[in-house]
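What follows is one structure encoded as structure tokens, with my remarks underneath.
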Amino acid sequence: MKYLFPENFYWGGASSALQTEGSDTSRGKTTMDKFFEEAPTRFYNGMGPGKLSNFYENYAEDIALLKKAGLNSLRFSISWARLIPGGRGEADREAVEYYNRVIDEFEKNGIELFMNLHHFDLPIELQNEGGFESRDVVEAYVEYARTCFQLFGKRIKKWCTFNEPIVTPEGGYLYDFHYPNVVDFKRAVQVAYNMIIAHSKAVAEYRKLNLGGEIFTVLNITPIYPRSSNEKDMKAAKIADLIFVRSFLDPFVKGEFNEELKEFLKDNGLMPETQPQDKEIVKNNIIDFLGLNYYQPRRVKAKEHIVNPDSVLLPESFFDYYDMQGKKMNTSRGWEIYPKAIYDMLMTMKNEYNNFRCFIAENGMGVQDEHKFRNKNGVIEDDYRIQFFKEHLSYVHKAIQEGSSCFGYHMWTPIDNWSMINEYKNRYGLIEFSIESGNRQLKKSGLWFNELSKNNGFDD
Ligand code: BGP
């Protein structure tokens, strides 16, 4: 069967400064540096956000490789701590020159940039002021966003406010996998709320500047499936859906907070502090389109045991996760491979959000020990990854056939990268990166992706 995609489809990838640039150069310190300083043993192989693949110095070679893999676009992030060390004030001249050189290189290679302002990392000085729990930090973010728009907005026409904003409250305030490693549901809700306001204010700033581009955000609104249609399972899935899907999606796309989520927060004493003008700000600043990240679904069932009233309140106080029996798995993470969910996610956008314009902003397969698949010419034959792309893309195609507005597919991530506390364990790239030699080389999937992009589709 032939899978042809709409004209001008974006075939690309996503990356982040935190995971590629390396911090041995001149940038300021961030929350991730601090986390590593305090708990190095929590990082796989004791490897923190140090030199990494050093995109900072190797960007020309890396961008040439992206072109070889056929990418016509890339979501790329600015490091706030590099552009404005300390988080506030004037942009650093060297950093501005650096990002301009990088943009030049992307332009030369015909790769369109979707520029992201925030991918998990915050200048440590701002975290010390309370991070996104503080409205002053919200204002600092808006200033930073404005600075970026003013500096690069004539050249960049697609701006992203946040990558997966929910990860900041989840990682930093609920599940202890990001700094400041707090576990407190109420504080997590405050952080999430303040990030929504930061986002909406940044959108307003962008529009004021009249730069003629578009602004979006990237959400990981992974579909949530109940174990059964039993009322209790359905209720459990509903709560998970309110927390993980509707929390950011509704304000960003509809301009209003989800009423059922508000009720849930009120009932559980979790309402955040708000300011009178917030509602209006959210209402007036709906994004132009949305990026969707998808890796695996969340499968949810009713809680089987009564929750101890003294236990810490977490989202999982209201539901349990369960594993699909016999699930197909991503080798390294135990993540379920379930391609139909990408279709379900796109159909949610079509059916419940008035076919809001969207694209797939991350989807990929992380694999451990890929060197095992190296052929005699030294190339990694990652047929499993090609298969993964095909299966997911066939569902993206189906959604488009059924009217979805999806206009692109960005895989995660073109070049193997450092993966927070997982170091280089899960490799996602179309291009292999060797930690030992620093070499990069195309995998089989890189050649396949190039064909995919050239042909605007694939045969299967
Ligand atoms: C997404 C993030 C990416 C990336 C990816 C894979 O949620 O936006 O930054 O890390 O997940 O996850 P991991 O690297 O932990 O395997």
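Among the trypsin sites (Lys or Arg not before Pro) within the stretch 62-150, not one is in coil by DSSP while having at most 13 neighbouring Cβ atoms inside 10 Å.
Computed over the alpha-carbon pairs of the chain, the distance histogram in 20 Å steps reads 25, 61, 14, 0 percent, short to long. Rg and Dmax of the stretch 73-137, both derived from C-alpha coordinates alone, stand at 13.8, 41 Å. Helical content of the chain, expressed as a calculated mean residue ellipticity at 222 nm, amounts to -11500 deg cm²/dmol (DSSP H runs of 4 or more residues, -39,500 (n - 2.57) each, divided by residue number, nearest 500). Under 5 Å from the amide H of C160 lie the amide H atoms of M115, N116, L117, F216, each residue being 5 or more positions distant or on a separate chain, with H modelled from the backbone and absent for Pro and chain starts. For the stretch 1-122, averaging the sequence separation of C-alpha pairs within contact (under 8 Å, six or more residues apart) and dividing by the residue count gives a relative contact order of 35 percent.
The N45 and K154 beta-carbon pair, evaluated with R₀ = 45 Å, returns a calculated FRET efficiency of approximately 0.60. Computed over the stretch 149-248, relative contact order equals 31 percent, with contacts defined as Cα pairs under 8 Å that lie 6+ residues apart. The stretch between K283 and K372, if pulled fully straight at 0.36 nm per residue, gains 26.9 nm over its current Cα-Cα span. The Stokes-Einstein estimate for the stretch 302-416, based on a Kirkwood radius over Cα pairs and taken at 10 °C with 1.306 mPa s viscosity, is a diffusion coefficient of 93 µm²/s. Among K157, K454, K238, K443, the ranking by other beta carbons within 10 Å of each residue's beta carbon, starting with the fewest, stands as K454, K157, K238, K443.
Note on K262: aspartates and glutamates with a C-alpha under 16 Å away, same-chain residues under 8 apart excluded, are D241, D250, E273, D278.
Each Lys and Arg Cβ is given +1 and each Asp and Glu Cβ -1; about its Cα centre, the chain then shows a dipole of about 980 debye. Pairs from the table (K254/K279; K328/K350; K29/K201; K157/K208) lying more than 22 angstrom apart at Cα are K328/K350; K29/K201.
Derived from the Cα gyration tensor, the three semi-axes of the equivalent ellipsoid of the stretch 1-147 are 29, 18, 16 Å, largest first. Within the same chain, lysines fewer than 8 places from K303 are excluded, and of the rest, those with a Cα less than 20 Å from its Cα are K232, K235, K238.
Estimated at 0.36 nm per residue, the fully extended path between D184 and E259 surpasses their Cα-Cα distance by 24.8 nm.
All other residues whose Cβ lies under 14 angstrom from that of D233 are scored, Lys and Arg at +1 and Asp and Glu at -1, for a net of +4. Residue order for R155, R187, fewest other beta carbons within 10 angstrom first, comes to R155, R187. K208 sits among other residues whose Cβ lies under 11 Å from its own Cβ, and their net charge, with Lys and Arg +1 and Asp and Glu -1, is +2. A simple charge model with +1 on the Cβ of Lys and Arg, -1 on the Cβ of Asp and Glu and nothing else charged puts the dipole of the stretch 119-257 at about 620 debye relative to its Cα centre.
Taking every alpha-carbon pair under 8 Å whose residues sit at least 6 apart, the chain reaches a relative contact order of 20 percent. Candidate membrane-span-like segments in the chain, meaning DSSP H helices with Cα atoms spread over at least 24 Å of their own axis and a Kyte-Doolittle mean of -1.0 or above, are 135-152, 185-208, 383-401, with no membrane implied. Straight-distance candidates among the lysines for linking to K372, with alpha-carbon spacing under 17 Å and chain neighbours fewer than 8 residues away dropped: K425, K443, K444. When both the stretch 135-160 and the stretch 220-253 are represented by their alpha-carbon centers, they are found 31 Å apart.
Given R0 = 25 Å, the distance between the Cβ atoms of I306 and M234 translates into a calculated FRET efficiency of 0.80.
Of the residues H119, S15, Y98, the one whose Cα sits farthest toward the positive end of the charge dipole of the chain, with +1 on the Cβ of Lys and Arg and -1 on the Cβ of Asp and Glu, is S15. Centre-to-centre, using Cα atoms only, the stretch 336-385 and the stretch 280-308 are separated by 19 Å. Taking 0.36 nm per residue of separation and subtracting the current Cα-Cα distance, fully stretching the chain between E381 and E112 would add 94.0 nm. Each of V182, V138, V307 was scored by other Cβ atoms within 10 Å of its Cβ. Listed from fewest to most, they are V307, V182, V138.
Readers should treat all values here as calculations from the given coordinates under stated rules, not as data from a laboratory. Here the structure is a predicted model, which is why all the values come from computation and not from measurement. Cβ: placed from backbone, ideal geometry, glycine included. Neighbour counts: every protein chain shown.
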